[in-house]
Structure formats: C-alpha cells, structure tokens
Amino acid sequence: MPYTLFVFIAIAVAFRLAALAISIRNEKRMLQSDAIEHHAATSLILTIAHIGFYVAAIAEGLWRDSPTSAISVVGLILYGLAMCALVWVICTLGRFWTIKVIIAKDHQLISNRIFDRIRHPNYYLNIIPELIGFTLALQAFGVLLFGLPLYVAVLSLRIRQEEKVMRSHFHKYGSVGRSLGAS
C-alpha cells in the first residue's frame, strides 16, 4: 500500500477521534444539565458498526495492496468533502452536536437552508459519503459491497428513531429545521 494511503488512514482515524472527543464533551455537559439520552442501544450499535467498517476497510485495503488509482483519488476527494460536511455540521449544531440522540432542556431546533432541505445532513452529507470515500480510497470493494448495506440498515433504524424523538420534542419539526444535534 502506498505511503499516501497510510497517511490518509492516520488522518482519517485522527479526524474521527477528534469528532468523538467533541461529542463526548457535549454529551457530558448536556447530561450534567439533566438532558435525556434516547435509544442508547442503537447509538452503541452504530458506533460499533462505524468502527467495524473502518477496521474492515483498512484490513481489506492492506490485504488488497492495490496501487493508487483514479478510484483512490475519487475516494480521497469524496472523503475530504464528507469531512468538510462534518465540520460544518459540528459548527452549525455547536454544543448540541453528539453522536448520540440526546435532548437537552434548552435544546433548539436548527433551521437554515441545508437543514430545511435535507433531513439529517450529517448522515447524508457526511457519514454515507465518508464511508463510500473511505472504501474507494482504500479500494476496499468488498466492504463497500457488503458492509455499506449493513451499516445503512442500522443507520436507517437510527434515523427513524431520531425522527420520532424530534417529532415528540419539537412541535415545529417538519415545518422548520430538521436536526437535533445528533450525528
């Protein structure tokens, strides 16, 4: 595997760990202020699926040991765009952004052009493109073919659960704004 892909893996893992640190900080602050976590089991399963996806893609990429190609470059670009989307979502949601579904007492529904047009932009503009980009960069086509549908199944459950929580806590949900702060 070319040196650049090792660097890519290191950067990708570091980026995800940094996002996790932000999430943990926000979770602790909200839970100390009597926030309520919903669907903790699904959050745990989704976390395990994300870690498993990364590990499987890295393993397949190392096993495949393919030279860098146009597919790798497309994957790197897609992954980079997905990380830009993650930074934007974290900045937009601020102290409410977590990888869990947590409702704080002072939680606010976010409304802006993107959140008003795309339900759960972190899932559709970050996570799905991130996983596709990661596998393409590593040429981990088996993980893309088999792992992505499994991940999307868990993510679909999470989206349905989050929708239910949002509708029950935000009376304006559906007409204005579309995100809790959960990733």
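A few remarks follow.
- Taking a ≥ b ≥ c as the square roots of the eigenvalues of the alpha carbon gyration tensor, the range 1-51 is oblate, as a/c is not under 1.5 and a/b does not beat b/c.
- At R0 = 45 Å, FRET efficiency that the Cβ-Cβ distance of Ala21 and Asp65 yields, to 0.05: 0.90
- In a fully extended conformation the segment linking Asn112 and Ala14 would gain 32.4 nm over its present Cα-Cα distance, using 0.36 nm per residue.
- Between Arg167 and Cys91, the C-beta separation translates, for a Förster distance of 30 Å, into a calculated FRET efficiency of about 0.70.
- Nearest 10 degrees, 0 to 90: helix 70-93 Cα axis against the chain principal axis: 20
- Angstrom value of the Kirkwood radius, inverse mean 1/r, which spans all Cα pairs in the chain: 17.0
- Plainly put, the range 37-95 has a radius of gyration that is 1.10 times its Kirkwood radius, both from alpha-carbon atoms, as the Rg/Rh ratio.
- In the chain, the DSSP-assigned H stretches of four residues or longer account for a calculated mean residue ellipticity at 222 nm of -22000 deg cm²/dmol, using -39500 (n - 2.57) per stretch and the full residue count as denominator.
- Förster-model FRET efficiency, 30 Å R0, Leu157 and Tyr3, C-beta, rounded to 0.05: 0.20
- The apolar share of the surface of the chain, taken as the fraction of accessible area on carbon and sulfur atoms (1.4 Å probe, ligands and nucleic acids excluded), comes to 70 percent.
- Nearest-ten-degree value, helix 128-138 long axis tilted from longest Cα axis of the chain: 20
- Folded to 0 to 90 degrees: helix 148-169 orientation relative to the chain principal axis, Cα: 10
- Heavy atoms of the protein chains alone define the surface here; on that basis the chain has 50 Å² accessible area per residue at 1.4 Å probe size.
- Simple spin-label estimate for Phe141 and Ala41 gives 3.8 nm between the two label positions (7 Å along the Cα-to-Cβ direction from each Cα).
- Toward the positive end of the charge dipole of the range 1-68, with +1 on the Cβ of Lys and Arg and -1 on the Cβ of Asp and Glu, the farthest Cα among Ser66, Phe8, Ser43 is that of Phe8.
The values are calculated or read from the model by the stated rules, or taken from the named source; none is laboratory data. Just so we're clear, the structure is a prediction, and the values are computed from it rather than from any experiment. Don't worry about glycine lacking a Cβ; one is built from the backbone with ideal geometry, like all the others, and counts go over all protein chains shown. With ligands, DNA and RNA removed, areas are computed over all heavy atoms of the protein, side chains included. Shrake-Rupley method; radii C 1.70, N 1.55, O 1.52, S 1.80 Å.
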